[in-house]
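Okay, so here's the structure we're looking at.
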Amino acid sequence: MTTNFTESEERQALRKAVADLAGKYGHEYFTAKAKAGEKTDELWAEAGKLGYLGVAVPEEYGGGGGGIGDLAAVCEELARAGCPLLLTVVSPAICATIVARFGTAEQKRRWLPGFADGTTKMAFAITESDAGSNSHKLATAVHRDGDEWVLSGGKSFISGVDEVEAVMVVARHVDATGQRLLPSLMIVPTNAPGFTFQHIPMDVQSPEKQFTCFFDDVRLPLDALVGAEDAGLAQLFAGLNPERIMAASFATGMARRALDQASEYARTRTVWDTPIGAHQGIAHPLAQCAIQVELARLMTQKAAALYDAGEDRAAGEAANMAKYAAGEAVAGAVDQAIQVHGGNGLSSEYGLGAMLAASRLSRIAPVSREMILNFVAQHTLKLPRSY
């Protein structure tokens with residue numbers, strides 16, 4: 001694989017186009033929607049119509065035919081403009097990728113055109129309250145009953161369930177003896193009988209909400225199963241690697257916005273007849289943050305290139321590293337931006353206080369920094385497994 005450290009002209013043009021679109025909406029739009037309990041439907045619809053949400057969907061289904069690196073660029077530029085759309089990490093990245101790689105011909109025809117133009121939104125449900133990061137302990141189960149699947153169990157901290165038409169659910173197969181087998185992916189319409197969900201109040205300011213989902217013997221047709229019944233974790237991680245890449249871009253976009261604001265403030269805020277940015281006590285910490293953000297972006301670029309080249313195992317390592325680096329970088333950048341602003345850093349006018357919780361979340365979800373460190377210790381350094 002050849003790695004290029006400069007983005008193609010096409011991707012640079014894509015970044016500019018997305019930035020121009022997001023700039024029409026901006027942080028004020030995003031914040032107003034969040035405070036009013038409304039959705040960013042206008043931005044999502046326009047981004048979909050212009051083809052930005054479907055850049056990684058195969059061309060034969062109306063998409064751009066690009067890779068996860070292109071979609072990550074879209075995610076990053078939206079976040080930098082103050083419109084971090086969490087569902088871009090979930091719907092076009094995880095769900096569309098899995099359907100494109102493993103779906104049946106009918107599933108591709110059914111779902112991919114909607115992913116391509118943004119008219120379809122799908123959530124992704126893997127997290128369970130009693131399992132955490134241990135995917136081997138998932139309790140949500142599915143078994144076959146004649147010509148139907150029956151799904152039971154629950155999921156927690158699932159994004160955007162109230163604004164999607166279906167949820168892709170990770171469930172373990174159970175045989176006739178009750179033995180739990182490998183996990184699979186099921187597409188569950190949000191209006192399916194027996195499927196209910198409950199909002200989880202969060203201190204993160206976002207139009208996209210979190211939910212607990214309940215599956216009370218939800219009956220699904222046989223074609224609700226995506227891919228092979230015995231595909232197991234290999235198929236699952238084909239969707240989770242893009243999730244980590246997108247989460248990293250989500251974080252670096254937010255970090256770049258924080259640094260943009262802090263730098264502008266440091267250039268224009270004058271104390272004792274001197275811009276505060278002239279002082280090394282202000283300038284050096286911001287420069288350090290800028291370096292960490294750029295390192296995280298480069299790691300994300302590597303992960304995306306590996307994934308788009310079909311090197312799933314290497315992409316898994318790189319995607320985890322990128323997500324870790326980006327989480328640390330955004331937490332540091334937002335914290336330093338607040339410090340540069342002084343008291344203004346926590347005023348509503350500047351919006352950095354709201355970014356504090358969101359940036360901190362990047363060190364937790366979609367996988368915690370501790371589990372990434374476990375992964376790197378075990379797989380990269382070949383150290384004994386500790387869990």
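The values are calculated or read from the model by the stated rules, or taken from the named source; none is laboratory data. Everything quoted here is computed from the prediction, not taken from an experiment. For neighbour counting, all protein chains shown are included, and Cβ atoms are generated from backbone atoms with ideal geometry for every residue, glycine included. When the accessible area is computed, the model is the full protein with side chains, heavy atoms only, and any ligands, DNA or RNA have been set aside. Shrake-Rupley method; radii C 1.70, N 1.55, O 1.52, S 1.80 Å.
Computed with every protein chain present, the accessible area of Ser152 is close to 40 Å² [probe 1.4 Å]. Maximal additional length on extending the Ala139-Ser8 stretch stands at 42.7 nm, based on 0.36 nm per residue less the C-alpha distance. Once Rg and the Kirkwood radius are both taken over the C-alpha atoms of region 20-135, their ratio Rg/Rh works out to 1.01. Normalised by the number of residues in the chain, the average gap of Cα pairs under 8 Å and 6 or more apart makes the relative contact order 15 percent.
Under 21 Å of direct C-alpha separation, and excluding same-chain neighbours fewer than eight residues apart, Lys35 reaches these lysines: Lys24, Lys209. Across region 10-15, rounded Karplus estimates of 3J(HN,Hα) from the backbone phi angles (6.51 cos²θ - 1.76 cosθ + 1.60, θ = phi - 60°) give 5, 5, 4, 5, 4, 4 Hz, Gly and Pro being marked x. Each stretch of four or more DSSP H residues adds -39500 (n - 2.57); spread over every residue of the chain, this sum gives -16000 deg cm²/dmol at 222 nm.
Using a probe of 1.4 Å, the accessible surface attributed to Leu361 totals some 70 Å² when neighbouring protein chains are kept in position. Computed over neighbours whose Cβ is under 13 Å from that of Ser159, the net charge equals 0, Lys and Arg +1, Asp and Glu -1. If you take all other residues with their beta carbon under 13 Å from the beta carbon of Cys213, and give Lys and Arg +1 and Asp and Glu -1, the sum is -1.
If you sort the three axes of the alpha carbon gyration tensor as a ≥ b ≥ c, you get a/c of 1.5 or more for region 261-378 and a/b above b/c, which makes it prolate. Here Lys302 is the anchor, and the lysines within straight C-alpha reach of less than 24 Å, apart from those fewer than 8 places off in the same chain, are Lys16, Lys323, Lys382. Placing unit charges on each Cβ (+1 for Lys and Arg, -1 for Asp and Glu) gives the chain a dipole about its Cα centre, and among Ala247, Leu85, Gln198 the Cα reaching farthest toward its positive end belongs to Ala247. Amide H to amide H distances under 5 Å link Glu7 with no residue, where only residues 5 or more positions off or on other chains count and H is placed in the peptide plane.
Helix 352-361 and the long axis of the chain differ in direction by around 40°, with both axes built from C-alpha atoms.
Computed from backbone phi with θ = phi - 60° and the Karplus coefficients 6.51, -1.76 and 1.60, the 3J(HN,Hα) list for region 175-185 is 8, 5, 8, x, 6, 7, 10, 6, x, 9, 10 Hz; x is used for glycine and proline. The modelled label-to-label distance between Leu298 and Ala105, using points 7 Å beyond Cα along the C-beta direction, is 4.7 nm. In this simple spin-label model, placing a label point 7 Å from the Cα along the Cα-to-Cβ direction at both Leu381 and Arg180 gives a separation of 3.0 nm.
Amide H contacts of Ser368: none lie under 5 Å away among residues 5 or more positions distant or on a separate chain (H built 1.01 Å from N in the peptide plane; Pro and chain starts excluded). Summing charges over neighbours of His143, with a neighbour being any other residue whose Cβ is under 12 Å away from its Cβ, gives -1 when K and R count +1 and D and E count -1. Taking amide H as placed 1.01 Å from N in the peptide plane, the amide H of Phe124 sits under 5 Å from that of Ser159, Met168, each at least 5 places away or on another chain. When nucleic acids and ligands are ignored and a 1.4 Å probe is applied, Glu294 ends up with an accessible area of around 100 Å².
With R₀ set to 45 Å, the beta-carbon distance separating His284 from Ala309 gives a calculated FRET efficiency near 0.75. Against the chain, whose longest principal axis is taken from its Cα atoms, helix 312-341 shows a tilt of about 40°.
Note on Ser347 and Asp216: the model spin-label points, each 7 Å out from Cα along the C-beta direction, lie 5.1 nm apart.
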